[in-house]
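Chemist: Attaching a single structure in structure tokens format; questions to follow.
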Amino acid sequence: MKVLFAGSECYPFVKTGGLADVMGALPKALKAEGIDVRVILPKYGCIPDRFKEKMEYITHFYMRLGNNPFEKYVGLLTCELDGITYYFIDNEEYYSYGNPYTDIINDIERYIFFSKAVLAALPVLDFLPDIIHCHDWQAALIPVYLRTLFKDTEMAHKAKTVFTIHNLKFQGIHSPHYIQSLSGLPDYVFGMNDLLHNKDANMLKGAIVFSDKVTTVSETYAWEITTPEYGESLEGVLSYYQYKLCGIVNGIDYEVYNPETDSRLFKNYGTKDFVTGKRENKLKLQEELGLEVNKDKFVIGLISRLTDQKGLDLVSSIIEPLIDGNTQFILIGTGDPWYEGMFRELENRYKGQVSSNIMYSDERARKLYAAADIMLVPSRFEPCGLTQLMAFRYGAIPVVRETGGLKDTVQPYNEYEETGNGFSFDRYDAGLLLDTINYAKTVYFERQKSWRGIMRRAITADYSWNVSAEKYKFLYQELESWQ
Ligand code: NHF
């Protein structure tokens, strides 16, 4: 079986969030299931040189885009990494700048170009996939193009499409006129039953309508997005198409994230020596960040994009009662300037107890997973969430809100049965977050044997891609069997 993954970011070439992790890890797990998976993405200027040097030029051609009378250059490059073939769409005008995103108006044009170029490139690449698996709004027009402008091609007769929603908040919305003039899609696609939504053209809605299957990254989120609270105005459309919607929870790459071999840690550790290993990482990180060096402090970690989605308003309103003499708080993340300022101010106010790292640093993030006692993920909504999975892997205990994938992956601690690998609360409420952290803190300080049990269950749990990759395989097989 041949599968093509198309999306806007992919680890290790370019990453701004969890989408890149999934695009990087899932193909490897599917390959282990015997599937020929290849990945296609734009060749951004921001891809590190060490990868650009590995890329080989295949060919180029020219393609028209919408009403523009001039043809656009489409370069094709390839490279192989860890047994996976990657293809890159090259066009200096679109991809030489940005990180990788720019602003929504520009990005809409850049990803319309990408979506059309992917389909135009496939015959040239001599790779006719059985499944084209598209991710998020940036690849949303691929299924639409396939069933319209490309409908009479061999590829359209053969390929089925899967569209995965990683985050419904971003949909690729603009006026029908703008999207039609750029895409050149036929008039009928801009009707109420297709791309038109609340007077705008909505690219993600197009993918929901035109794809053979729609998936999202946890079962709970698959249900939540059919409700007004989480549906981002598409709940009606998603409910209508519920028959083709399903949730498959993400995993993480257990080779990339492994405390036994992770060279970024101060000390490596595994399932046998995690108590001493984590202690050493805690002491060293405290020293590096200028916090009071003391193994007995309860270290709370938070690694997040600083946006409203992540529940930071809850965190900001409980920070005062949270930070006492026994507790330290370490944040890593960038985002909304208001939150950045707030966390900087906190660090100044609580010198030695709070460390706000307003940055994106993979190395520091891994050190924090290894050092922290708990990791906070109090999200307002969370399609899957990878932070809690990485926290498990490094023996940090997640404290999460019961939504989306957080609900599906964190089993709350039960003190009567001594089960569970984390702590959770249901309503989006600062008081509940504080109570839950305080409960975790009490177990940590007063019932150390129980705490070690929670840590053991977290660090030995299997949240790798194995199980979920098999589910995707079944889904692809089902589609392949359709005539
Ligand atoms: O895990 C990868 C990620 C999710 O919850 C996460 C999100 C974006 O918001 O699927 O995509």
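Chemist: Against the conditions (1) surrounded by 15 or more Cβ atoms within 10 Å (Cβ to Cβ); (2) in a helix (DSSP H, G or I); (3) not polar (S, T, N, Q), where does Leu291 fall short? Just the number, please.
Modeler: Tallying (1) surrounded by 15 or more Cβ atoms within 10 Å (Cβ to Cβ); (2) in a helix (DSSP H, G or I); (3) not polar (S, T, N, Q), Leu291 fails exactly one: (2).
Chemist: Of the residues Thr153, Thr102, which single one is closer than 26 Å to Tyr476 by Cβ, of a type in the set (Val, Ile, Thr) and in contact with a helix residue (DSSP H, G or I) (Cβ under 9 Å, 6 or more places away or on another chain)? Steps first, answer last, please.
Modeler: On the way: Thr102 fails: closer than 26 Å to Tyr476 by Cβ.
Sole residue among the options that is closer than 26 Å to Tyr476 by Cβ, of a type in the set (Val, Ile, Thr) and in contact with a helix residue (DSSP H, G or I) (Cβ under 9 Å, 6 or more places away or on another chain): Thr153.
Chemist: Enumerate the helices (runs of 4 or more DSSP H) found wholly within the range 9-111, keeping only those where 3 or more residues are touching a residue at least 40 places away in the same chain (Cβ under 8 Å). First the steps, then the outcome.
Modeler: Values: elements: 18-32, 49-52, 92-95.
Result: 18-32.
Chemist: Identify, please: which residue in the range 157-166 is open to solvent by 10 Å² or more (accessible area, probe 1.4 Å) and over 25 Å from the mean Cα position of the chain (by Cα) and is, among those, farthest from the ligand (Cβ to nearest atom)?
Modeler: Narrowing the range 157-166 to residues open to solvent by 10 Å² or more (accessible area, probe 1.4 Å): 157-158, 160, 166.
Applying the additional criterion that residues be over 25 Å from the mean Cα position of the chain (by Cα) yields 157-158.
Numbers: His157: 30, Lys158: 27 Å.
So, considering only residues that are open to solvent by 10 Å² or more (accessible area, probe 1.4 Å) and over 25 Å from the mean Cα position of the chain (by Cα), the one farthest from the ligand (Cβ to nearest atom) is His157.
Chemist: Right, something else. Before we move on, is Lys367 away from the ligand (no atom under 16 Å from the Cβ) and outside any strand (DSSP E or B)? Spell out how you get there, then give the answer.
Modeler: Details: away from the ligand (no atom under 16 Å from the Cβ): yes; outside any strand (DSSP E or B): yes.
Here the answer is yes, as Lys367 does meet what is asked.
Chemist: Which condition from (1) more than 28 Å from Gln353 (Cα to Cα); (2) more than 10 Å from the ligand (Cβ to nearest atom) is the one that Gly422 breaks?
Modeler: Of (1) more than 28 Å from Gln353 (Cα to Cα); (2) more than 10 Å from the ligand (Cβ to nearest atom), only one is false for Gly422: (1).
Chemist: I need every pair where a residue in the range 374-389 that is touching a residue at least 40 places away in the same chain (Cβ under 8 Å) and more than 12 Å from Ser424 (Cβ to Cβ) has its Cβ under 6 Å from the Cβ of a residue that is within 8 Å of the ligand (Cβ to nearest atom) and among the charged types (D, E, K, R), sequence separation at least 6 or different chains.
Modeler: Listed pairs, sorted by first residue: Leu386/Asp21.
Chemist: Is there a residue being open to solvent by less than 10 Å² (accessible area, probe 1.4 Å), farther than 30 Å from Pro228 by Cα and either within 16 Å of the ligand (Cβ to nearest atom) or more than 20 Å from the chain's Cα centre (by Cα) (or both) anywhere in the range 340-347?
Modeler: Yes, some residue in the range 340-347 is open to solvent by less than 10 Å² (accessible area, probe 1.4 Å), farther than 30 Å from Pro228 by Cα and either within 16 Å of the ligand (Cβ to nearest atom) or more than 20 Å from the chain's Cα centre (by Cα) (or both).
Chemist: Name the pairs: first residue in the range 431-453 and under 27 Å from Gly270 (Cα atoms) and of a type in the set (Ser, Thr, Tyr), second residue assigned to a helix (DSSP H, G or I) and open to solvent by less than 30 Å² (accessible area, probe 1.4 Å), Cβ to Cβ under 8 Å, at least 6 apart or on different chains?
Modeler: Tyr444/Trp451; Ser450/Val443
Chemist: Does Gly191 satisfy the condition of being over 22 Å from Met63 (Cα atoms), open to solvent by 30 Å² or more (accessible area, probe 1.4 Å), without any contact (Cβ under 8 Å) to a residue 12 or more places away in the chain and not hydroxyl-bearing (Ser, Thr, Tyr)? Please lay out each step first, then the result.
Modeler: Values: over 22 Å from Met63 (Cα atoms): yes; open to solvent by 30 Å² or more (accessible area, probe 1.4 Å): no; without any contact (Cβ under 8 Å) to a residue 12 or more places away in the chain: yes; not hydroxyl-bearing (Ser, Thr, Tyr): yes.
Spelling it out, it is not the case that Gly191 is over 22 Å from Met63 (Cα atoms), open to solvent by 30 Å² or more (accessible area, probe 1.4 Å), without any contact (Cβ under 8 Å) to a residue 12 or more places away in the chain and not hydroxyl-bearing (Ser, Thr, Tyr).
Chemist: Let me ask something else about it. Residues being among the basic types (Lys, Arg) and not in a loop (DSSP other than H, G, I, E, B): count how many of those fall in the range 247-288.
Modeler: Our first condition is that a residue be among the basic types (Lys, Arg); within the range 247-288, this holds for 264, 267, 272, 278-279, 282, 284.
Adding the requirement that they be not in a loop (DSSP other than H, G, I, E, B) leaves 278-279, 282, 284.
Within the range 247-288, residues that are among the basic types (Lys, Arg) and not in a loop (DSSP other than H, G, I, E, B) number 4.
Chemist: Let me ask something additional. Any idea how many residues of the range 98-147 are more than 18 Å from Val37 (Cβ to Cβ) and either open to solvent by 20 Å² or more (accessible area, probe 1.4 Å) or within 16 Å of the ligand (Cβ to nearest atom) (or both)?
Modeler: Residues meeting the conditions: 18.
Chemist: Quick one: count up the residues across the range 168-191 that are out of contact with any strand residue (DSSP E or B) (no Cβ under 9 Å at 6 or more places or on another chain) and either under 24 Å from Asn250 (Cα atoms) or modelled with pLDDT under 95 (or both).
Modeler: 2
Chemist: Another question about this same structure. If Val410 satisfies all but one of (1) open to solvent by less than 20 Å² (accessible area, probe 1.4 Å); (2) over 13 Å from Arg457 (Cβ atoms); (3) within 16 Å of the ligand (Cβ to nearest atom), what's the number of the condition it fails?
Modeler: Going through the list (1) open to solvent by less than 20 Å² (accessible area, probe 1.4 Å); (2) over 13 Å from Arg457 (Cβ atoms); (3) within 16 Å of the ligand (Cβ to nearest atom), Val410 breaks only (2).
Chemist: Being within 11 Å of the ligand (Cβ to nearest atom), open to solvent by less than 10 Å² (accessible area, probe 1.4 Å) and at negative phi is the filter here; which residues of the range 387-407 pass it?
Modeler: Gln388, Leu389, Thr403, Gly405, Leu406
The values are calculated or read from the model by the stated rules, or taken from the named source; none is laboratory data. Computed from a predicted structure; not experimentally measured. Positions of Cβ are generated from backbone atoms using ideal geometry, with glycine treated the same way; all protein chains shown enter the neighbour counts. Side chains included, ligands, DNA and RNA excluded: accessible areas come from the protein's heavy atoms. Shrake-Rupley method; radii C 1.70, N 1.55, O 1.52, S 1.80 Å.
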